[in-house]
Amino acid sequence: MAEPTDVEFDLIVNGETRAVVCAGADTLLDVLRDRLGLTGTKLGCGIGYCGACTVLVDDAVAHACCLLAGTLEGREISTVEGLALGETVDEVQQAFLDEGAIQCGYCVPGFVMSIRGLRQTDPEADEAGVRDFLTGNICRCSGYASIVRAALTALSTEDRA
């Protein structure tokens with residue numbers, strides 16, 4: 001039963017319409033992790049600085065920790081869980097595997113989603129463009145060289161879904 005202060009709405013998450021009930025102050029990150037069980041989106045800084053919570057909202061990069069969930073009714077939300085097709089990872093995830101761009105793994109979902117966003121906005125980005133675009137993501141394990149290689153590999157793939 002919804003509390004009087006709760007909001008009820010539909011989100012489209014990874015192509016599926018999901019009914020959500022949450023407090024008006026809940027962030028998209030709260031809803032994804034706590035209500036929908038999509039824990040690939042991580043809480044890092046909580047202020048949109050580190051990129052661990054990066055998702056796509058209508059194909060644009062967004063920080064889920066900074067967005068009030070109730071303002072996103074009917075919007076298309078893409079999370080890292082929605083990228084793989086069954087047991088097959090998508091091109092960006094495969095590039096991370098191929099380039100050894102996974103260390104502790106905590107930041108990887110945010111980087112993967114940012115690179116997916118980059119593929120939408122600037123698929124011809126060079127190394128400088130990739131580095132500039134990824135300034136909103138932090139890797140505390142210092143894996144940037146392999147992450148940049150993975151991004152460049154992902155940008156060079158034929159299928160830019």
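A short reminder: the numbers here are calculations on the coordinates, not readings from a lab. What you see is a predicted model, and the numbers here were worked out from it, not measured in a lab. With ideal geometry, Cβ positions are generated from the backbone for all residues, glycine too; neighbour counts draw on all protein chains shown.
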_HN-Hα J in Hz across segment 150-157 - Karplus 6.51, -1.76, 1.60, θ = phi - 60°, x for Gly and Pro_ = 4, 4, 5, 5, 5, 5, 8, 6
_Proxy reagent accessibility, fewest Cβ within 10 Å first, across V61, V7, V31, V92_ = V7, V61, V92, V31
*Given a cut-off of under 8 Å on Cα pairs at least six residues apart, what relative contact order in percent is computed for segment 91-155?*
56
_Distance (nanometres) between label positions extended 7 Å along Cα→Cβ at Y106 and E127_ = 2.8
*asked:* Starting from the 7 Å offset along Cα-to-Cβ, what nm value, one decimal, do you get for the label separation of E87 and N14?
replied: 1.8
*Using every alpha carbon pair in segment 71-143, what percent of pairs falls into each 10 Å bin from 0 up to the bin containing the largest distance?*
17, 49, 29, 5
*Calculate the all-directions average of the projected area of segment 6-81's alpha-carbon convex hull, and give it in nm².*
4.2
*Is it possible to state the helix-based mean residue ellipticity at 222 nm for the chain, with each DSSP H run of 4+ residues giving -39500 (n - 2.57), the sum divided by total residues, to the nearest 500 deg cm²/dmol? What is it?*
-7500 deg cm²/dmol
